[in-house]
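K.L.:
Dropping the structure in here first, questions after.
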Amino acid sequence: MKKTGSAELRTSQRGRKPALTEEDLQEIDRLIMARPDITVDEIIENQGLSVSNELVQKAVIRLGYVYRKKSFYAAERGRVRCCGGGRSLE
């Protein structure tokens, strides 16, 4: 009351402030749109953020993106196993 002369509560100054601002979230969204295969570590490095991987992961999910793992499999998996022209054991 001394500084402002008002008796109103200053509720906007309470609690912990978010680590990622709206501008950070918008920039993360732009990065993902530009490069859909970008990793969380690359986002943190590109933006120069000093936050944890988990926080960025939650922000990405909050933006509506879904994580998909790259599936690595052997090239033989796509081939036909038996071509029918082989010899029998009998």
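The values are calculated or read from the model by the stated rules, or taken from the named source; none is laboratory data. Since this is a predicted model, take the numbers as computed values, not measurements. Every residue, glycine among them, receives a Cβ derived from its backbone with ideal geometry; neighbour counts consider all protein chains shown.
K.L.:
Test Ser12 against the criterion of being modelled with pLDDT under 70 and more than 15 Å from the chain's Cα centre (by Cα), and give yes or no.
P.N.:
Details: modelled with pLDDT under 70: no; more than 15 Å from the chain's Cα centre (by Cα): yes.
So Ser12 fails the test.
K.L.:
Next up: Given Glu8, Glu45, which one is out of contact with any strand residue (DSSP E or B) (no Cβ under 9 Å at 6 or more places or on another chain) and outside any loop (DSSP other than H, G, I, E, B)?
P.N.:
The conditions single out Glu45.
K.L.:
Residue by residue through the range 46-61, note down the ones that are surrounded by fewer than 12 Cβ atoms within 10 Å (Cβ to Cβ), within 16 Å of Gln26 (Cα to Cα) and more than 9 Å from the chain's Cα centre (by Cα).
P.N.:
Of everything in the range 46-61, just one residue is surrounded by fewer than 12 Cβ atoms within 10 Å (Cβ to Cβ), within 16 Å of Gln26 (Cα to Cα) and more than 9 Å from the chain's Cα centre (by Cα), namely Gly48.
K.L.:
Consider the range 15-33. How many of its residues are under 25 Å from the mean Cα position of the chain (by Cα) and either among the hydroxyl-bearing types (Ser, Thr, Tyr) or part of a loop (DSSP other than H, G, I, E, B) (or both)?
P.N.:
Start the filter on the range 15-33 by keeping residues that are under 25 Å from the mean Cα position of the chain (by Cα), which leaves 16-33.
Cutting the leftovers down to either among the hydroxyl-bearing types (Ser, Thr, Tyr) or part of a loop (DSSP other than H, G, I, E, B) (or both) gives us 16-21.
Of the residues in the range 15-33, 6 are under 25 Å from the mean Cα position of the chain (by Cα) and either among the hydroxyl-bearing types (Ser, Thr, Tyr) or part of a loop (DSSP other than H, G, I, E, B) (or both).
K.L.:
Same structure again: Determine, yes or no, whether Pro36 is free of Cβ contacts under 8 Å to residues at least 12 places away in the same chain, touching a Phe, Trp or Tyr at 6+ places or on another chain (Cβ under 9 Å) and part of a loop (DSSP other than H, G, I, E, B).
P.N.:
Answer is yes for this residue.
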